[in-house]
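Beneath this line is the structure, given in structure tokens, with notes to follow.
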Amino acid sequence: MAQEFNKKFIGTVDRPRVSVFKSNAAIYAQVIDDINGKTFVSASTKEINPPAGGAKKPVETAFLCGKLLAEKAKEKKVLKVVFDRNGYQYHGNVKALAEGMREGGLEF
């Protein structure tokens, strides 16, 4: 029986989907293969340790989260992805996350 997807983007094994979720406290991203229902890697701004001098700005931590996600994805041999921002506007933290992923080596 074929799976039905009610999404605009569908991740495959060759090109998984990066799903973004934002809360008031953090931003989360995960690399997902929707066909097999498998999450390859995930990262959040809660994993980023602030420097000893104090907390970074949310945009800076989102950028570092994107780089962290890209590093984890490259370890799993994922280089090309589909970026699903889940309806969030492409600015601020979402844009910084995407730029961090690009700088980390992911292509989308």
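Of all residues in region 87-98, those that are of a type outside the set (Val, Ile, Thr) have Cβ atoms under 6 Å from Cβ atoms of residues that are open to solvent by 80 Å² or more (accessible area, probe 1.4 Å) and modelled with pLDDT under 95, 6 or more apart or on another chain, in 93/58.
Which residues, taken from region 55-86, are in contact (Cβ under 8 Å) with a residue 60 or more places away in the chain and in contact with a Ser or Thr (Cβ under 6 Å, 6 or more places away or on another chain)? Within region 55-86, 84 is the sole residue that qualifies.
Residue by residue, here is whether (1) modelled with pLDDT under 85; (2) within 11 Å of the chain's Cα centre (by Cα); (3) open to solvent by less than 80 Å² (accessible area, probe 1.4 Å) holds:
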residue	(1), (2), (3)
4	yes, no, no
10	yes, no, yes
13	yes, no, no
23	no, no, yes
29	no, yes, yes
32	no, yes, yes
37	no, no, yes
41	no, yes, yes
44	no, yes, yes
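Within region 60-108, the residues that satisfy the criterion of being open to solvent by 90 Å² or more (accessible area, probe 1.4 Å), more than 17 Å from residue 39 (Cα to Cα) and not in a helix (DSSP H, G or I) are 89, 90, 91, 107.
Check 64, 69 and return the single one that is modelled with pLDDT of 95 or more and of a type outside the set (Ser, Thr, Tyr).
So the residue among 64, 69 that is modelled with pLDDT of 95 or more and of a type outside the set (Ser, Thr, Tyr) is 69.
Residue under question is residue 56, and the condition is that it be touching a Pro at 6+ places or on another chain (Cβ under 7 Å), more than 22 Å from residue 12 (Cβ to Cβ) and open to solvent by 80 Å² or more (accessible area, probe 1.4 Å); does it hold? Spelling it out, residue 56 is indeed touching a Pro at 6+ places or on another chain (Cβ under 7 Å), more than 22 Å from residue 12 (Cβ to Cβ) and open to solvent by 80 Å² or more (accessible area, probe 1.4 Å).
The values are calculated or read from the model by the stated rules, or taken from the named source; none is laboratory data. A quick note: this is a predicted structure, and the numbers were derived from the prediction, not measured. When we count neighbours, we look across all protein chains shown, and the Cβ atoms used for this are built from the backbone with ideal geometry, even at glycine. Just so you know, the surface numbers come from the protein's heavy atoms only, side chains and all, with ligands and any DNA or RNA stripped out. Shrake-Rupley method; radii C 1.70, N 1.55, O 1.52, S 1.80 Å.
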